[in-house]
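Chemist: Please read through the structure below; I'll follow up with questions.
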Ligand code: NDP
């Protein structure tokens with residue numbers, strides 16, 4: 001058996017095509033385009049790529065996307081000042097601070113930066129105000145990755161209500177909000193993490209299994225109930241050929257990709273899970289593009305709400 005491929009990139013394209021005319025209508029009624037402002041601190045190569053992709057998708061949908069670059073040696077006060085400037089800027093509807101911030105800013109500093117964002121402009125949905133609304137099931141701005149997963153399940157016809165959903169991972173940006181959104185859609189939800197005993201058996205109970213771990217190929221077929229829907233949120237760079245071969249087998253076309261580029265982007269779900277799952281998201285081309293599409297949707301929603 002080979003699992004149905006859940007085409008996140010295709011669904012993201014549809015969402016972006018739905019957003020574009022609404023952006024045009026916003027512009028014609030309000031006399032301005034919605035503005036997304038991205039704060040990029042430091043020179044993390046992956047962040048540069050993510051920001052470039054967001055910039056491109058936003059511009060294609062008709063948004064104004066401004067990237068504010070700060071060098072890695074800035075102080076916490078400098079970053080906070082940049083956020084406050086954007087809070088006060090009437091042309092700014094959405095603020096996205098690209099994570100991770102430089103190590104020197106630290107965990108507390110990072111929390112201060114995210115807390116400083118005006119909740120009405122918090123298009124990532126990470127501000128405690130929006131998280132509180134999310135818990136109560138009435139958030140207008142929901143975290144992009146988990147809300148993209150819900151859109152994907154809905155638009156590919158996979159029912160959520162009445163299922164047992166298992167989420168591996170409990171981060172603030174993916175695991176926890178994912179579990180809340182599934183719960184709000186009437187799934188019975190189990191959240192797993194690194195201290196969960198008998199992880200495989202718990203996962204094998206899942207009708208919907210979401211992996212948000214950050215470990216290449218961690219979820220193997222013995223985690224998966226036959227026919228389950230498996231959503232792979234993981235984005236991991238593999239840069240040793242041995243690991244790439246252990247995931248895909250020596251003759252797989254992706255090994256030729258590895259040989260060309262010297263690395264591969266892979267998910268948290270082992271490719272062999274497709275022999276057991278009923279449906280599965282690919283990496284790349286699964287959840288990643290949906291995250292960007294939902295960011296555009298959130299920016300439009302924030303702009304409309306601000307008027
Ligand atoms: P975090 O590192 O913040 O969280 C990882 C979670 O996985 C933690 O809750 C951790 O448990 C759990 N975990 C780690 N090891 C194990 C294990 N052996 N068994 C069970 N659970 C384990 O990661 P994020 O949530 O930020 O991201 C997860 C993945 O998703 C990454 O690959 C990231 O790149 C990707 N990602 C993809 C996005 C997209 O657009 N597709 C967007 C955001 C992230 P514990 O809490 O106990 O440590």
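Chemist: Tell me, please, whether a residue that is more than 14 Å from the ligand (Cβ to nearest atom), under 21 Å from residue 107 (Cβ atoms) and outside the structural domain of residue 95 (by TED's automatic domain parsing) can be found in the stretch 131-140. Spell out the reasoning first.
Modeler: First pass over the stretch 131-140, keeping only residues more than 14 Å from the ligand (Cβ to nearest atom): 131-140.
Narrowing further to those that are under 21 Å from residue 107 (Cβ atoms): 131-132.
Checking which are outside the structural domain of residue 95 (by TED's automatic domain parsing) leaves us with 131-132.
Checked the stretch 131-140: at least one residue is more than 14 Å from the ligand (Cβ to nearest atom), under 21 Å from residue 107 (Cβ atoms) and outside the structural domain of residue 95 (by TED's automatic domain parsing).
Chemist: If the requirement is being under 19 Å from residue 47 (Cβ atoms) and either without any contact (Cβ under 8 Å) to a residue 24 or more places away in the chain or surrounded by fewer than 16 Cβ atoms within 10 Å (Cβ to Cβ) (or both), which of these qualifies: 114, 126?
Modeler: Working: 126 fails: either without any contact (Cβ under 8 Å) to a residue 24 or more places away in the chain or surrounded by fewer than 16 Cβ atoms within 10 Å (Cβ to Cβ) (or both).
Answer to the check: 114.
Chemist: Another question, then. Tell me which strands (runs of 3 or more DSSP E) are completely within the stretch 194-246 and hold 2 or more residues being crowded, with 24+ Cβ neighbours inside 10 Å and within 15 Å of the ligand (Cβ to nearest atom), or say none if there are none.
Modeler: So the answer is 208-211, 229-232.
Chemist: OK, next. Out of 273, 283, I need the residue that is outside the structural domain of residue 93 (by TED's automatic domain parsing), buried (at least 22 other Cβ atoms within 10 Å of the Cβ), at pLDDT 95 or above and in a loop (DSSP other than H, G, I, E, B). Which one? Walk me through it before giving the result.
Modeler: Details: 273 fails: in a loop (DSSP other than H, G, I, E, B).
Of 273, 283, the one residue that is outside the structural domain of residue 93 (by TED's automatic domain parsing), buried (at least 22 other Cβ atoms within 10 Å of the Cβ), at pLDDT 95 or above and in a loop (DSSP other than H, G, I, E, B) is 283.
Chemist: Can you name the residue in the stretch 152-175 that is outside any loop (DSSP other than H, G, I, E, B) and either more than 13 Å from the ligand (Cβ to nearest atom) or not assigned by TED's automatic domain parsing to the domain that holds residue 219 (or both) and, of all such residues, is farthest from residue 190 (Cα to Cα)? Outline the logic, then answer.
Modeler: At the first step, the residues of the stretch 152-175 found to be outside any loop (DSSP other than H, G, I, E, B) are 152-155, 164-168, 175.
Filter once more, so that each one left must be either more than 13 Å from the ligand (Cβ to nearest atom) or not assigned by TED's automatic domain parsing to the domain that holds residue 219 (or both): 153-155, 164-165.
On the way: 153: 18, 154: 20, 155: 23, 164: 8, 165: 6 Å.
Per the criteria, the residue is 155.
Chemist: List the number of the failed condition for residue 136; all other conditions in (1) surrounded by fewer than 19 Cβ atoms within 10 Å (Cβ to Cβ); (2) over 21 Å from residue 297 (Cβ atoms) hold.
Modeler: Just one mismatch for residue 136, condition (2).
Chemist: Conditions first: (1) farther than 28 Å from residue 154 by Cβ; (2) touching a residue at least 60 places away in the same chain (Cβ under 8 Å). Residue 14 passes all but one, so which condition is the exception?
Modeler: Every listed condition holds for residue 14 apart from (1).
Chemist: Go through (1) touching a helix residue (DSSP H, G or I) at 6+ places or on another chain (Cβ under 9 Å); (2) farther than 30 Å from residue 234 by Cα; (3) free of Cβ contacts under 8 Å to residues at least 12 places away in the same chain and name the single condition residue 25 misses.
Modeler: Failed condition: (1).
Chemist: Out of all the residues in the stretch 181-193, which are within 15 Å of the ligand (Cβ to nearest atom) and in a loop (DSSP other than H, G, I, E, B)?
Modeler: If the condition is that a residue be within 15 Å of the ligand (Cβ to nearest atom) and in a loop (DSSP other than H, G, I, E, B), then 193 is the only one that fits.
The values are calculated or read from the model by the stated rules, or taken from the named source; none is laboratory data. Since the structure is predicted, the reported quantities are computational estimates derived from the model, not experimental observations. Using ideal geometry, Cβ is built from the backbone for each residue, glycine included, and neighbour counts are taken over all protein chains shown.
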